[in-house]
Amino acid sequence: MKGSRPRKQRTMKILLFQIRNADDPMLDQERRCFEGKLDGLRKKFSLELSTHNIISEPKGYQDKWKDYDVVMVGGSGDYGCVNNTQDWFLRFCDQLRTLVERELPLFCSCFGHQALAAALGGEVSTDRSKAELGTLEVSLNGDGVKDPLLGGLPSTFLAQFGHNDFVSRLPEGAVNLAHTPLCAVQSYRLDGKLVYATQFHPELSSQENQERAQRYL
């Protein structure tokens, strides 16, 4: 209608939990990568992305999620989940369980993928023979092909990798969606919830993954 005001976009507030040392140059890169991949949402939403680094600020964040519409968890160059009994990790596992219980939309990448599985009673293992690095093919399982989110992808697609640890046993209620020849659990969702996790890095381009690999190698 002539003279009508443009419709105001709804604001979507997103919290990205990071697990990186304060001097890790990938701290800023990770934020930029996630922010860049969210561009498609800007047609419908006004986005606000905030970060909280669990390593730098391991306490006092437990109620932060209440101010956000979506929570994401990134990777980690220096920390893992296997045999991790550090206080910050145990507190973060408590936080992940709370997010799942409160049914907040949640996405977890790489370390986040592993931490969520461990927090919910699954198992994470280390096996250097199963390590993956670079741009590799991922194949959807039967449930992945039918999944409302991943089902829009080709049955086999390229993704970015950089990990030694892997989810060796899924928690109860998790549905395996994808695999590679070396890693049987590349993505899963929690049945009946808006919770997804990927071992690979959908937030990274191949060039961004190369930058990260050069930093850690």
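The values are calculated or read from the model by the stated rules, or taken from the named source; none is laboratory data. Note that this is a predicted model, so its numbers are computed, not measured. Methodologically, a virtual Cβ is constructed for each residue, glycine included, from the backbone with ideal geometry; neighbour enumeration extends over all protein chains shown. We work out accessible area using only protein heavy atoms, side chains counted, and drop any ligands, DNA or RNA first. Shrake-Rupley method; radii C 1.70, N 1.55, O 1.52, S 1.80 Å.
Tally the residues that are of a type in the set (A, V, I, L, M, F, W, C), assigned to a loop (DSSP other than H, G, I, E, B), open to solvent by 10 Å² or more (accessible area, probe 1.4 Å) and touching a residue at least 40 places away in the same chain (Cβ under 8 Å), restricting the search to segment 156-184.
Of all residues in segment 156-184, those of a type in the set (A, V, I, L, M, F, W, C) come to 157-159, 161, 166-167, 170, 174-175, 177-178, 182-184.
Next, from what is left, pick out any that are assigned to a loop (DSSP other than H, G, I, E, B): 170, 182-184.
Filter once more, so that each one left must be open to solvent by 10 Å² or more (accessible area, probe 1.4 Å): 170, 182, 184.
Checking which are touching a residue at least 40 places away in the same chain (Cβ under 8 Å) leaves us with 170, 182.
Of the residues in that region, 2 qualify.
Can you tell me how many residues in segment 118-128 are outside any loop (DSSP other than H, G, I, E, B), out of contact with any Cys (no Cβ under 6 Å at 6 or more places or on another chain) and within 16 Å of VAL185 (Cβ to Cβ)? Outline the logic, then answer.
Within segment 118-128, the subset outside any loop (DSSP other than H, G, I, E, B) is 118-119, 123-126, 128.
Now narrow it down to the ones that are out of contact with any Cys (no Cβ under 6 Å at 6 or more places or on another chain): 123, 125-126, 128.
When the remaining residues are screened for being within 16 Å of VAL185 (Cβ to Cβ), the result is 123, 125-126.
Looking only at that region, the number is 3.
Residue-by-condition table, conditions (1) surrounded by 16 or more Cβ atoms within 10 Å (Cβ to Cβ); (2) over 14 Å from the mean Cα position of the chain (by Cα):
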position: GLN114; (1), (2): yes, no
position: ALA117; (1), (2): yes, no
position: GLY122; (1), (2): yes, yes
position: SER125; (1), (2): no, yes
position: LEU133; (1), (2): no, yes
position: PRO148; (1), (2): no, yes
position: GLU203; (1), (2): yes, no
position: SER206; (1), (2): no, yes
position: ALA213; (1), (2): no, yes
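Give me the residue from segment 41-59 that is open to solvent by less than 60 Å² (accessible area, probe 1.4 Å) and of a type in the set (A, V, I, L, M, F, W, C) and, out of that set, farthest from GLU211 (Cα to Cα).
PHE45
List the residue pairs whose Cβ atoms are under 8 Å apart, where the first residue sits in segment 92-111 and is among the polar types (S, T, N, Q), the second is modelled with pLDDT under 95 and assigned to a helix (DSSP H, G or I), and the two are 6 or more positions apart or on different chains.
Pairs that qualify, where the first residue is among the polar types (S, T, N, Q) and the partner is modelled with pLDDT under 95 and assigned to a helix (DSSP H, G or I), are GLN95/TRP65; THR98/TRP65.
Does any residue in segment 120-139 that is closer than 15 Å to VAL167 by Cα and in contact (Cβ under 8 Å) with a residue 24 or more places away in the chain come within less than 8 Å, Cβ to Cβ, of a residue that is of a type in the set (Lys, Arg) and in a strand (DSSP E or B) six or more places away or on a different chain, and which pairs are these?
GLY122/ARG169; GLU123/ARG169
Could you list all residues from segment 70-81 that are in a loop (DSSP other than H, G, I, E, B) and open to solvent by less than 50 Å² (accessible area, probe 1.4 Å)?
GLY74, GLY75, SER76, GLY77, GLY80, CYS81 - these are the residues of segment 70-81 that are in a loop (DSSP other than H, G, I, E, B) and open to solvent by less than 50 Å² (accessible area, probe 1.4 Å).
Do we have ASP67 as loosely packed, with under 14 Cβ neighbours inside 10 Å, within 28 Å of PRO171 (Cα to Cα), modelled with pLDDT of 95 or more and not β-branched (Val, Ile, Thr) here? Steps first, please.
Working: loosely packed, with under 14 Cβ neighbours inside 10 Å: yes; within 28 Å of PRO171 (Cα to Cα): yes; modelled with pLDDT of 95 or more: no; not β-branched (Val, Ile, Thr): yes.
Taking the combined requirement at face value, the residue does not satisfy it.
Taking the options LEU15, LEU38, name whichever one is modelled with pLDDT of 95 or more and open to solvent by less than 30 Å² (accessible area, probe 1.4 Å).
The conditions single out LEU15.
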